[in-house]
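Rule-based calculations on the coordinates, nothing more; no lab input. Because the structure is predicted, anything quoted here is derived from the model rather than measured. Ideal geometry is used to build each Cβ from the backbone, glycine not excepted, and the neighbour counts take in all protein chains shown.
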Amino acid sequence: MVRLAALDLKMFRDAWHLRGQVIACALVVAGGINSFVSLSSVNRTLAASQAAFYEDNRFADAFASLVRAPEPVARSLEAIPGIAALETRVAVRVNLDVPGLAEPARGLVVSMPVEAAGGLNALHLVRGRLPVPGSADEALASEAFAKANALEPGDTIRAVMNGRYQRLRVVGVGISPEYIYALGPGQLVPDNRRFGILWMDRKALAAAYDLDGAFNDVAVRLAPGASPATVLGEMDRVLAPYGGAGAYDREDQLSHRFLSDEIAQNRTMARITPSIFLAVGAFLLYTVLTRLVQMQRSQVGLLKAFGYSGARIAFHYLQLALVISLVGAALGVGTGLPFAGHMLALYAEYYFFPMRDHGAVLPVGAVGVGLAVLSAALGAVPAALKAARLPPAESMRPEPPPRFHSGVVERWGLRRALSPAMRMLVRNLARRPLRLAASVTGIAVAVALLVMMTAMMDGIRHLMQWQFSVVQREDIQALLVEPRGNRAFHAFQSLGGVVQAEPFRLVAVKLRAGHRTKRGVLYGLEPDGQMRRVVDGDGTPWALPPEGLLLTAIFADTLGVRAGDRLEVEVLEGARPRKSVPIVGIVDEPIGYAAYVSRAYANRLLGEGDVLSGAYLRIDDDAREPLMARLKTLPQVAGANLREAARQQFDAMIERSVGIMIAVNLLFAWIIAFGLVYNGARIALSERGYELATLRVLGFTQREAASLLLGEQGVITAVGLPFGMALGIGFTLYFVWMLSTQMWRMPYVMTGANLVGAMGAVAAAAAASGAAVAWRLRHMDLVEALKARE
Amino acid sequence: MAEPVLRMKDVSKVYRVGDVEVVALHEVSLDLHAGEFIVLLGPSGSGKSTLLNLLGGLDVPTTGEVDYLDHSLSDGGDENLTRFRREHVGFVFQFYNLIPSLTAEENVALVTDIARSPLSPREALALVGLTERADHFPAQLSGGEQQRVAIARAVAKRPDVLLCDEPTGALDVVTGRLVLEVLERVNRELGTLTAVITHNASIAGMGDRVIRMSSGRIVDIATNARRLPASELEW
């Protein structure tokens, strides 16, 4: 039988003896490795899957939609230098009647890419088959839409196409690199139940929309090295006579934008979170091992007397750190990989593309283990070196009493005010300022993590509360297929079940300030409207000016404009007028690129007379079902957004994705707080057990002795809490800045409840670990403790 | 003779070390009186320290009775024993057991803060001749000075009983004698019942009574006709 070397046995027994602290360290390391492995693995999977899907399915680089251009115009586009490939398409918005859904759903029907020609944005068939060329009633449904509505090949849905009812047979389910993340018009989060993509044979689709031999949408692949801005400008020039709505590249492509932002955020998290944990882990190991070497001075001396080399002894202590970090790494990798799977499953509910094995599970795991070992080494090396350098003779003698001196506080004259017990506390803290600073920082980080996670949660809730209660107060937003006169509004008003209606005008625009341009949406609202208002992030409503526009802050920042400046508004539909318009105010609104004007002003700008794009409706709840059924049958209605449905979608998303992240981070923050305080108090107990036993012998009660020991941890915690509050506010501001994408801004919401709750949670973790140490103190054998001079 | 201050009756103490029972004290009976100076002699493992721990309320007997005046120390519970130590007993150890983060004066104040009618820390330090070293931390004091601070700390509460476990064990002859002189002075000036454990037979001369122990039993109690002053001791 193989026997472990005696020194290795000692190492394992030391680990067993220190098991409480070993577990605390290992858990913190495990937290770091778990977050590293799960986040990195998810990040690599998402990035690799995105790249591979784009490559395999030839995701286009630029896009443009227009009203109608004859097919030969494509030749002019192809002639633009920098365009390598091009595919013309027909894409139309339709109103869908889905079995089992009361309200009308909205669809985007796109002509099938021409595979034979090596078409762009090639479809990936998930199941079923592609529509047969020439078929007029076959459609391929996007997987997101099919899944949300339980559509299978063979099912039929009804669509209102160009004002005519049409039965469509779903023959297959597919995905496209263009619609990995599908957000319907006016939606903040995907509602795949009520919005979906359908692909049909181009011929039938073109016929239905009078687009035979013509196209209204184009996708482009750029040649390597081509300047996107130049190409986009040229495309706009060619398409302008055909109602071109402005060419845009991937940066403005909704699906790409969301997925890329998500991946970027995820990558940042994958760097920050593990770093925090591993730093705390290294610090804990540093304190545990430094103390261990100090306690084992005479053992080190003995080993050296026996002839063990300094290097061997240093390795002995490194080994212990290594064992701890490997236990942590095993735990971290073991829980991180399944957690990554769980996160990817969540992503798969909102992002539809083939998740590819990034082939890096082993490397990620190995890097995780490497990081754990590295943080262990960082923490353990100082102690190991100390052990290696102890002179054998000196290490056999008991350590001389540690040197103390009166601290700054006492020199200020507070000396008389402090009892001897308080002075012990102050001097012990002051004796190791670095350790004190690191401990306080650790507590602060734990508080800050909690504050930040809660603030993020509160921010998202606030955003939605703001959106669904303050801004959006209608029950239904009903959209017309194309702008209509006031008769359409009266038709909405007279629908059974409609209590109140407000017309709105909605138009795609490109805003230009100097050399900067940005696409967005121009809302024409009723100045005295009650259902959709223009409201600042803090809830202050804006009055719509009779002249000029209000701009969202995101929009204004992108364009570099301020209130009082003028903008050029280029309308991207109809007669495509360009007008110079004054900016009356900047609305501190966290979501999207929007400009607000009064509807009357919008109509003047557009020169189309008194028209509306749709109406906001308040309805009688009892009449909901028949009203929905009626809306489905109105050919001029392009679709309806239900506020309540959107809110439910959102809540579901938060609950499933953010909820679990918060829970995990709460657990992590707890582990850090508990690990730090428990470890700190255990080390204090070990360093000063003799002292505490002396106090007990002198007649101090258990409570008095415990309060001295835990008083130090109490001070560390008490100082760490407010510091953590400040750090948490800093973290939150940083994350708010970092997580704000081009699409929306994370609001900064900091509540007293959050701050108090975070501090309370960490204080509770500290109290729990303090209680664990107090228990040990209670069971300390006085006579033994006095004998143990080690 | 007056009533004894501390009384042990048929006291046994059995420790269990793993599967082995170690009888540290075997049916010991002993009376200690106010103002006495007792020297406890015996080789290692003879039970001296166990006896002192029981007298000082650091431990309880397995069988038998330990009484302080009319209070029992045998079944007191932690709270009772803590109060006994706090109010009536001073301890001096071989390794001083000073709190390194407190100065000499503050180490004494640690006790005077919780005692009922103590000497002032300065008075206690004056008693051991260390007034000038009051603001020094343990690391700045010699071994003998540290032990004298420990004695000052032990006597500052005006204890009824002063228990010293090898107080000179870690000191050289000259310093050791100095420490013993302090103990002698405390015993004389404050009238404190003092018990000193030692290996060192030469110290026996300064006691009123000398108790010899071996294998957990008291084998001899001798009364000195004349107590030698500490200054005359030789070893």
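Taking every full run of DSSP H in chain B, the ones that stretch at least 24 Å from end to end by Cα along their long axis and average 0.0 or higher on the Kyte-Doolittle scale are B:173-190. Close amide H contacts of B:Gln94 (hydrogens built in the peptide plane, cut-off under 5 Å, sequence separation of 5 or more or a different chain): B:Asp165.
Of all DSSP bridge pairs formed entirely within the protein assembly as shown, close to 70 percent run antiparallel.
Within chain A, the longest run free of exposed loop sites, counting trypsin sites (Lys or Arg not before Pro) that sit outside DSSP helix and strand states (H, G, I, E, B) and have at most 13 other Cβ atoms within 10 Å, spans A:130-402. The amide H of A:Asp191, built 1.01 Å from its N in the peptide plane, has A:Gly184 as neighbours under 5 Å, considering only residues 5 or more places off or on other chains. Given +1 at the Cβ of Lys and Arg, -1 at the Cβ of Asp and Glu and no other charges, the dipole of the protein assembly as shown around its Cα centre is 1300 debye to the nearest 20. Across the options A:Gly560, A:Gly82, A:Gly233, the greatest Cα extent toward the positive end of the charge dipole of chain A (unit charges at beta carbon of Lys, Arg, Asp, Glu) belongs to A:Gly560.
Shown in residue order for segment A:511-528 are the 3J(HN,Hα) couplings computed by the Karplus curve 6.51 cos²θ - 1.76 cosθ + 1.60 at θ = phi - 60°: 9, 10, 10, x, 8, 9, 10, 7, 7, x, 10, 9, 9, x, 10, 6, x, 9 Hz (x for Gly and Pro).
So what's the angle, to the nearest 10 degrees on a 0 to 90 scale, between helix A:19-56 and the longest Cα principal axis of chain A? Rounded to the nearest ten degrees, it is 20.
Taking Cα atoms only, the orientation of helix A:310-347 departs from the longest principal axis of chain A by about 20 degrees.
Ordered by the number of other Cβ atoms lying within 10 Å of each residue's own Cβ, fewest first, B:Cys164, A:Cys25 fall into the sequence B:Cys164, A:Cys25. For segment A:62-254, the square roots a ≥ b ≥ c of the C-alpha gyration tensor eigenvalues yield an a/c of 1.5 or more together with a/b exceeding b/c, which makes the shape prolate. Checked against a 29 Å cut-off, the cross-linked pairs A:Lys10/B:Lys13; A:Lys147/A:Lys203; A:Lys10/A:Lys386 give Cα-Cα distances beyond that limit for A:Lys10/B:Lys13.
Sites listed here are trypsin sites (Lys or Arg not before Pro) in segment B:112-195 whose DSSP assignment is loop and whose Cβ has at most 15 other Cβ atoms within 10 Å: B:Arg116.
Remark: segment A:81-87, residue by residue, has Karplus-estimated 3J(HN,Hα) of x, x, 8, 8, 8, 8, 9 Hz, where x stands for each Gly or Pro and the curve is 6.51 cos²θ - 1.76 cosθ + 1.60 at θ = phi - 60°. Between the helical axis of A:702-739 and the longest alpha-carbon principal axis of chain A there is an angle of about 20 degrees. Ignoring lysines fewer than eight residues from A:Lys510 along the same chain, the ones with Cα atoms less than 21 angstrom from its Cα are A:Lys518, A:Lys579. The relative contact order of segment A:498-619, computed from alpha carbon pairs under 8 Å that lie at least 6 residues apart in sequence, is 39 percent. For segment B:6-232, what proportion of DSSP beta bridges, expressed in % and rounded to the nearest 5, is antiparallel? Just about 55 percent of them are antiparallel.
Rounded to the nearest 0.05, the FRET efficiency derived from the C-beta distance between A:Gln636 and A:Leu666 at R0 = 51 Å is 0.50.
Tell me which lysines have Cα within less than 23 Å of B:Lys9's Cα, excluding those fewer than 8 residues away on the same chain? Correct list for B:Lys9: B:Lys48. Computed from backbone phi, the HN-Hα couplings of segment A:60-68 come to 5, 9, 9, 9, 7, 10, 8, 7, 5 Hz, rounded to whole numbers (Karplus: 6.51 cos²θ - 1.76 cosθ + 1.60, θ = phi - 60°; Gly and Pro given as x).
So if we plug the beta-carbon distance of A:Arg68 and A:Leu254 into 1/(1 + (r/R0)^6) with R0 = 22 Å, what FRET efficiency do we get, rounded to 0.05? Plugging the Cβ-Cβ distance into 1/(1 + (r/R0)^6) gives 0.45. Peptide B:104-114 shows a mean partner chain C-beta count of 4 within 10 Å per residue C-beta. Ordered by the number of other Cβ atoms lying within 10 Å of each residue's own Cβ, fewest first, A:Val571, A:Val29, B:Val174, B:Val14 fall into the sequence B:Val174, B:Val14, A:Val571, A:Val29. In a simple Cβ point-charge model (Lys, Arg +1; Asp, Glu -1; nothing else charged), segment A:498-619 has a dipole of about 440 debye relative to its Cα centre.
A Gaussian network model of chain B, with springs between Cα atoms under 10 Å, assigns the largest mean-square fluctuation among B:Val155, B:Val28, B:Val39 to B:Val28.
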